[in-house]
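K.L.:
Pasting in a structure now, in structure tokens, and then I'll have a few things to ask.
The values are calculated or read from the model by the stated rules, or taken from the named source; none is laboratory data. All values reported here derive from a predicted model rather than from experimental measurement. Every residue, glycine among them, receives a Cβ derived from its backbone with ideal geometry; neighbour counts consider all protein chains shown. These accessible areas exclude ligands, DNA and RNA; they are computed on the full protein's heavy atoms, side chains included. Shrake-Rupley method; radii C 1.70, N 1.55, O 1.52, S 1.80 Å.
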Amino acid sequence: SYLSRVNYNFKDRYYVTASVRTDGSSRFGSDNKWGVFPSAAVAWRVSDEAFFAGLTPFMELKARASYGETGNNNIGNYDHYATINYEKYTFGGAAVGGYAPGRLANPTLTWETQKSFNVGLDMSFFNNRLSVTVDHFRSRNYDLLLNVNVPDITGFSNALQNIGEVKNTGWEFVLSSVNSANKFRWTTDFNLSTYKNEVVKLGPQGDPIISGGNITMIGQPVGMF
């Protein structure tokens, strides 16, 4: 892996950070071994602006936004290679050993990529006795690494491929308060989050993927029972 990053801070009011990460994995073929994943984030401390000085009961307000890409190689080792299995069968009334294909090759197998976008607000009131954080995120996974159904003429029922898209959306709310700051210190924290996972695309025909007692289909979360 290689990582480069740049951070910039102007008067503790405007913040910018950007990075590029390059990852290589031997779990993919030589032509698709490397993935490049950029990210960037900005923040603005609105409460430090002149127009904000007379506003109450705000003590601080900061707005944030970020975008980033990450890669997933969470599959087995050597899954892009075809394999040969040792098999036994009956021939002439005796058990005879032989070899048969165990898995299809996929030299084009590559990184699954997640692209995420987040916006948020940090607010504090009454001399920082009460603080509120609100975040909204959206992410989408591309080139999902899934075992998908393949035609029976291949001799196999499924094969590992980069296929389909999944989106995730949600909100996060955090409320914190300092109720007593004397010798006896009492603080409270409350958080609430929502999360929705939905399959957007599955291959050219959109066929569901069935694995054991789970099914993955368009319009529904991944891996339903």
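K.L.:
Using the Cα centre of the chain as origin and beta-carbon charges of +1 (Lys, Arg) and -1 (Asp, Glu), tell me which of Phe126, Asn74, Ala94 is placed farthest towards the positive end of the dipole.
P.N.:
Value: Phe126.
K.L.:
Might you report the magnitude of the Cβ-based charge dipole of region 156-225 about its Cα centre, with Lys and Arg at +1 and Asp and Glu at -1, to the nearest 20 debye?
P.N.:
Dipole magnitude for region 156-225 comes out near 300 debye.
K.L.:
About the Cα centre of region 77-161, how large is the charge dipole given +1 on each Lys and Arg Cβ and -1 on each Asp and Glu Cβ? Please answer in debye to the nearest 20.
P.N.:
Its charge dipole is roughly 140 debye.
K.L.:
By how many nm would the segment from Leu121 to Asp48 grow when fully extended, if each residue of separation counts as 0.36 nm and the alpha-carbon distance is taken off?
P.N.:
Full extension from Leu121 to Asp48 adds 24.8 nm.
K.L.:
Could you tell me the largest-minus-smallest coordinate of the C-alpha atoms of region 100-185 on each of the three principal axes, in descending order and whole angstroms?
P.N.:
Cα extents, longest axis first: 75, 26, 19 Å.
K.L.:
On full extension of the chain, what length is gained from Gln205 through Ser19, given 0.36 nm per residue of separation minus the C-alpha to C-alpha distance?
P.N.:
Roughly 63.3 nm would be gained on extension.
K.L.:
Using the crude model of +1 on Lys and Arg Cβ and -1 on Asp and Glu Cβ, and no other charge, please compute the dipole size for the chain relative to its Cα centre, in debye to 20.
P.N.:
580 debye
K.L.:
Based on a Kirkwood Rh over C-alpha pairs, give the Stokes-Einstein translational diffusion coefficient of region 54-150 at 10 °C and viscosity 1.306 mPa s in µm²/s.
P.N.:
Once the numbers are plugged in, D ends up at 83 µm²/s.
K.L.:
Also, I was wondering about something else. Taking Cα pairs under 8 Å and at least six residues apart, what relative contact order does the chain come out at, in percent?
P.N.:
Relative contact order comes out at 13 percent.
K.L.:
Residue separation times 0.36 nm, minus the C-alpha to C-alpha distance between Lys183 and Met217: what's the value?
P.N.:
Taking Lys183 through Met217 to full extension adds about 6.6 nm, to one decimal.
K.L.:
I've got another one for you. Could you please state, rounded to a whole Å, how far the C-alpha centre of region 117-148 is from the C-alpha centre of region 33-77?
P.N.:
Their Cα centres are 9 Å away from one another.
K.L.:
Along the charge dipole of the chain, Cβ charges K/R +1 and D/E -1, which of Phe52, Leu192, Ala63 sits furthest on the positive end?
P.N.:
Phe52
K.L.:
Which whole-number value in Å³ per residue fits the convex hull of the alpha carbons of region 1-123?
P.N.:
Each residue corresponds to 130 Å³ of Cα convex hull volume.
K.L.:
Next question. Enter the accessible area of Phe190 (Å², nearest 10), with the probe set to 1.4 Å and all protein chains included.
P.N.:
Its heavy atoms expose roughly 120 Å² to the probe.
K.L.:
For region 4-56, what does the equivalent ellipsoid look like in terms of its semi-axes, each the square root of 5 times an eigenvalue of the Cα gyration tensor, given largest first in whole Å?
P.N.:
41, 9, 5
K.L.:
Rounded to two decimals, what is the ratio between the C-alpha radius of gyration of region 154-225 and 2.2 N^0.38 Å?
P.N.:
1.95
K.L.:
Moving on. Roughly how large, in nm² to one decimal, is the mean projection of the convex hull of the alpha-carbon atoms in the chain?
P.N.:
Average projection, Cα convex hull of the chain: 20.5 nm².
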